[in-house]
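As structure tokens, the structure follows; a few thoughts come after it.
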Amino acid sequence: MSTNSQMLTGKSALITGASSGVGACAAHVFAREGASVVLMARREERLAAVAEDVRRAGGRAEYVVGDVASSSDMARAVKTAVECFGGLDVAFNNAGVGAHQTPLHLTGEDEYDEIMDTNVRGVWNGLSHQVRAMLRGGGGAVVNNSSVAGLVATPVSAAFIAAKHAVIGLTRAAAAEYGAQGIRINAIAPGIAGSEVVQEWFSRHPEAEKLLHRSTPQPRTPEPQEVAEAAAWLCSDRASFVTGVVLPVDGGFTVL
Ligand SMILES: NC(=O)c1ccc[n+]([C@@H]2O[C@H](COP(=O)([O-])OP(=O)(O)OC[C@H]3O[C@@H](n4cnc5c(N)ncnc54)[C@H](O)[C@@H]3O)[C@@H](O)[C@H]2O)c1
């Protein structure tokens, strides 16, 4: 086990959905903790800017423009980590799309497909390619970004709740399957995090933020970095005997 004060020294890390919000914060947190990071998302300009910020702060970063729902794009991202940083030690499958509060019977197939493709197939693709690289490298750690909507039926669309439950199912199944081969697989379940999309939504629905705070023992909206910190710890050797867990990062929302 590493005794370095940085948690991810010498690790090669892949972070999906790294162009904004939790993923962009994770790029900085993982690099601060000593990881070399490969950042994947669809928006090149924003992704390049995050990678440049990481480098300016003294970190090592590459980026890959791609869609997590595409197996070949994910393969390219993993290959980049292997070629640029000598392997893949940790991965944070963070990319996801949110959902409107559309009632189930009014949710169109396109909306269902988009939610499932990014939030479930994206994690599936990630696990598939990341595990292959980690098996070749002798082990690793993956964290999948679910949501409290993966644990309980929060007031968002049923398709989103189903998708985030599926992320937890994939996490548990993969943890059981690969534990003996040195690969730990965990999930985080954020309640709310103050990423741009969420702040924008709160600015249009201030009553929703107040309502959420009333249902949360820690009554505030956390910075996206606070979510990224939990993912970094689970990816690190400090969580060396932790696998298959779903860690709520929700200020206590799910204890009530
Ligand atoms: N912010 C919250 O309140 C909150 C709460 C619970 C769970 N989460 C989860 O955290 C994760 C990050 O959310 P966020 O709030 O930072 O949102 P965000 O919209 O700022 O970030 C999502 C990232 O994923 C990328 N992305 C979306 N679809 C993609 C695709 N098909 N291929 C590649 N990249 C894609 C986006 O470009 C962006 O970089 C998501 O999985 C979300 O469900 C967020």
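For the range 157-186, the set of residues classified as open to solvent by 30 Å² or more (accessible area, probe 1.4 Å) and touching a Lys or Arg at 6+ places or on another chain (Cβ under 9 Å) consists of 178 only.
Tell me, please, whether a residue that is assigned to a loop (DSSP other than H, G, I, E, B), more than 9 Å from the ligand (Cβ to nearest atom) and surrounded by fewer than 24 Cβ atoms within 10 Å (Cβ to Cβ) can be found in the range 80-89. Yes, the range 80-89 contains at least one residue that is assigned to a loop (DSSP other than H, G, I, E, B), more than 9 Å from the ligand (Cβ to nearest atom) and surrounded by fewer than 24 Cβ atoms within 10 Å (Cβ to Cβ). Applying the criterion of being among the charged types (D, E, K, R) and within 14 Å of the ligand (Cβ to nearest atom) to the residues of the range 54-79, the residue that is farthest from residue 132 (Cα to Cα) is 67.
The number of residues in the range 163-200 that are in a helix (DSSP H, G or I), in contact (Cβ under 8 Å) with a residue 24 or more places away in the chain and either more than 12 Å from the ligand (Cβ to nearest atom) or touching a Ser or Thr at 6+ places or on another chain (Cβ under 7 Å) (or both) comes to 14. Within the set 137, 122, 98, the sole residue that is within 19 Å of residue 15 (Cα to Cα), of a type outside the set (A, V, I, L, M, F, W, C) and crowded, with 20+ Cβ neighbours inside 10 Å turns out to be 122. Residue 19 falls short on exactly one of the conditions (1) within 16 Å of the ligand (Cβ to nearest atom); (2) open to solvent by 30 Å² or more (accessible area, probe 1.4 Å), and that condition is (2). Check 199, 181, 218 and return the single one that is closer than 26 Å to residue 116 by Cα and not aliphatic (A, V, I, L, M). When all the criteria are applied, what remains is 199. Taking the criterion of being more than 21 Å from the chain's Cα centre (by Cα) and either closer than 15 Å to residue 98 by Cα or part of a helix (DSSP H, G or I) (or both), the residues of the range 201-221 that qualify are 202, 203, 204, 206, 207, 208, 209, 210, 211, 212, 213, 214. Applying the condition of being in a loop (DSSP other than H, G, I, E, B) and surrounded by 16 or more Cβ atoms within 10 Å (Cβ to Cβ) to the range 222-241 and asking which residue is farthest from the chain's Cα centre (by Cα) yields 222.
Would you please name the residue that is farthest from the ligand (Cβ to nearest atom), looking only at residues in the range 91-130 that are in contact with a strand residue (DSSP E or B) (Cβ under 6 Å, 6 or more places away or on another chain) and assigned to a helix (DSSP H, G or I)? Per the criteria, the residue is 130.
Just one of the numbered conditions (1) over 20 Å from the mean Cα position of the chain (by Cα); (2) open to solvent by less than 30 Å² (accessible area, probe 1.4 Å) is not true of residue 144: (1).
The values are calculated or read from the model by the stated rules, or taken from the named source; none is laboratory data. All values derive from a computational prediction rather than experimental measurement. Methodologically, a virtual Cβ is constructed for each residue, glycine included, from the backbone with ideal geometry; neighbour enumeration extends over all protein chains shown. These accessible areas exclude ligands, DNA and RNA; they are computed on the full protein's heavy atoms, side chains included. Shrake-Rupley method; radii C 1.70, N 1.55, O 1.52, S 1.80 Å.
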